[in-house]
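Q: Here you go, one structure.
The values are calculated or read from the model by the stated rules, or taken from the named source; none is laboratory data. The structure presented is a predicted model; accordingly, all values stated were derived computationally and were not measured. No Cβ is skipped: glycine too gets one built from the backbone with ideal geometry, and neighbour counts run over all protein chains shown. Just the protein is used for accessible areas: all its heavy atoms, side chains included, with ligands, DNA and RNA removed. Shrake-Rupley method; radii C 1.70, N 1.55, O 1.52, S 1.80 Å.
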Amino acid sequence: MNKTSPSPLPSAALRRAAVLREMGLAPLWRLRQQTAQSTAVAPAAAAAVAPAPVNPSLTTVTGDERVAAIACMDWTQLRASVAACRACDLCQERKQAVLGVGDEQADWLFVGEGPGAEEDRRGEPFVGQSGKLLDAMLAAIGLQRGRDVYIANAVKCRPAQNRTPTAEEMAACRPYLERQIALLQPKLIVALGRPAAQTLLQQEVKVSAARGRLAELTSSGVSIPLLATYHPDDLLRNLTDKARAWEDLCLARRTMAGLKKTD
Ligand code: URA
Ligand code: SF4
């Protein structure tokens with residue numbers, strides 16, 4: 001697919017949905033609200049056009065003008081905007097905001113939770129201990145940071161003491177993540193951990209229940225497969241989930257291989 005155009009044609013999305021079906025990976029995992037909708041529309045068409053369901057508790061809206069402005073930004077403007085952003089309390093204790101890192105033409109997008117101390121210091125996501133594990137996870141499926149991979153977080157500023165960002169903080173920061181997705185047009189998104197999955201899918205998610213199958217996210221009218229799996233920090237704490245994370249990564253790799261055939 002030509003990744004220079006801002007919105008791929010819906011036909012590309014339809015083709016991808018067909019490939020996923022062929023691979024036995026569809027019907028994609030749908031969240032409850034979507035299931036009702038999808039009965040009225042052919043699944044492939046629904047995948048291309050269905051808006052993401054919205055859980056009001058996760059979408060504290062943060063000013064229409066701000067959201068509209070972010071939705072038009074290019075990468076340079078995004079970097080500047082995030083660096084100056086004061087839209088939520090996380091701005092108060094950051095050393096710097098951390099937009100993301102990687103190939104701006106990447107097919108893969110990995111989304112974590114938020115910067116930790118080391119990320120806050122260096123201005124790059126996943127450079128501390130969990131970053132080492134993420135790099136190992138990437139290497140296990142033949143990927144390398146910066147090469148066809150972009151890494152971002154649900155929130156761009158560090159929550160103090162590495163606490164989980166609140167729903168309000170994630171909602172305030174979501175327009176940046178949405179714009180990153182629109183600019184990247186990734187073929188596949190991997191949500192690392194619950195906060196990332198929730199802000200992307202805009203509803204409650206339990207990783208243990210959601211993992212192992214594809215969900216879908218709609219960006220600029222295009223459906224993008226999304227796989228929720230464990231955050232590297234979960235894996236550092238709980239080794240038994242490593243095998244499941246490995247299964248998820250294999251599923252992600254198979255899915256991407258199928259999607260790349262449509263190019
Ligand atoms: N954990 C995350 O979720 N993101 C980072 O960038 C670092 C640790
Ligand atoms: Fe702005 Fe996001 Fe930082 Fe909050 S976390 S201040 S919304 S960049």
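Q: Among the residues of the range 115-155, write down those that are more than 13 Å from ligand 1 (Cβ to nearest atom), in a helix (DSSP H, G or I) and open to solvent by 40 Å² or more (accessible area, probe 1.4 Å).
A: Within the range 115-155, A136, A139, A140 meet the criteria.
Q: Also, quick follow-up: So, in the range 156-166, of the ones that are buried (at least 21 other Cβ atoms within 10 Å of the Cβ) and over 18 Å from D234 (Cβ atoms), which residue ends up nearest to the chain's Cα centre (by Cα)?
A: Ranking the qualifying residues of the range 156-166, first place goes to K156.
Residue by residue, here is whether (1) within 16 Å of ligand 1 (Cβ to nearest atom); (2) more than 21 Å from the chain's Cα centre (by Cα); (3) at pLDDT 95 or above; (4) under 18 Å from S220 (Cα atoms) holds:
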{"residue": "G63", "(1), (2), (3), (4)": "no, yes, no, no"}
{"residue": "C72", "(1), (2), (3), (4)": "no, no, yes, yes"}
{"residue": "W75", "(1), (2), (3), (4)": "no, no, yes, yes"}
{"residue": "L78", "(1), (2), (3), (4)": "no, no, yes, yes"}
{"residue": "A84", "(1), (2), (3), (4)": "no, yes, yes, no"}
{"residue": "C88", "(1), (2), (3), (4)": "no, no, yes, no"}
{"residue": "C91", "(1), (2), (3), (4)": "no, yes, yes, no"}
{"residue": "K95", "(1), (2), (3), (4)": "yes, yes, yes, no"}
{"residue": "V101", "(1), (2), (3), (4)": "yes, no, yes, no"}
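Q: Considering only residues of the range 80-97 that are part of a helix (DSSP H, G or I) and over 20 Å from G116 (Cβ atoms), which is least open to solvent (accessible area, probe 1.4 Å)?
A: Among them, the one singled out is S81.
Q: Sticking with this structure for a sec: For the range 100-114, indicate whether the set of residues that are part of a strand (DSSP E or B), open to solvent by 10 Å² or more (accessible area, probe 1.4 Å) and within 16 Å of ligand 2 (Cβ to nearest atom) is non-empty.
A: Yes, the range 100-114 contains a residue that is part of a strand (DSSP E or B), open to solvent by 10 Å² or more (accessible area, probe 1.4 Å) and within 16 Å of ligand 2 (Cβ to nearest atom).
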